[in-house]
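A quick write-up on the structure given underneath.
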Amino acid sequence: MSYTDSFASGAFKEFGSVNRREFLFGSTAIVGGGALAFGGSSFIGGATAAAPGGFEIVKSEAEWRKHLTPQQYRILREEGTEYAHSSPLLHEKREGTFACAGCEQALYSSKDKYDSGTGWPSFTQALPDAVGTKTDTKFFMVRTEVHCSRCGGHLGHIFDDGPEPTGMRHCINGLALKFVAS
């Protein structure tokens, strides 16, 4: 059984009294802290470009920087991550739609939002054709990165530990989103 298969089967869900999420976040913080100490990129910073591919909305780096705040640029265009519990959208409970902060495409319905306890806005599923995915192997892990299908902006990651009906957790950076009340 491979390392990835072990996680999928649940073989590593518990490490003594530390669950898989705590283990992964703790490991990531250690790796990120080590990178900071040695001048590399951190878990919070990211260091790669937005998702590759042909997207409907394409802008130069200068155009994206003009359109986005520095924090949004770091997340959407450099695959950064905001600090846990820092997004006001984490506690957004009104009915509406969560759209991409880069191109305003509708991504998630408030009906699919739930409190995952992770500190980031979480959803059980995206709206149809709103997001794309790719494999992310940074930080010695294999994860599913999720991005806007229209502009390629990095949103967060998808995990298989969510509630019904999908069993998925779309763990999304609040700064990558704009909330539009209905």
Which is closer than 21 Å to G54 by Cβ, of a type in the set (V, I, T) and either at pLDDT below 95 or in contact with a strand residue (DSSP E or B) (Cβ under 8 Å, 6 or more places away or on another chain) (or both), of T133, T81? T133
For the range 107-126, how many residues meet the condition of being surrounded by 17 or more Cβ atoms within 10 Å (Cβ to Cβ) and either aromatic (F, W, Y) or within 14 Å of L155 (Cα to Cα) (or both)? 8
Six or more apart or on different chains, Cβ atoms under 6 Å: show the pairs whose first residue is in the range 71-98 and under 25 Å from D136 (Cα atoms) and of a type in the set (D, E) and whose second is assigned to a loop (DSSP other than H, G, I, E, B) and at pLDDT 95 or above. E82/N173
Return yes when G80 is more than 16 Å from H170 (Cβ to Cβ) and buried (at least 17 other Cβ atoms within 10 Å of the Cβ) and no when it is not. yes
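The values are calculated or read from the model by the stated rules, or taken from the named source; none is laboratory data. Everything quoted here is computed from the prediction, not taken from an experiment. Please note: Cβ atoms are built from the backbone with ideal geometry, for glycine as well, and neighbour counts cover all protein chains shown.
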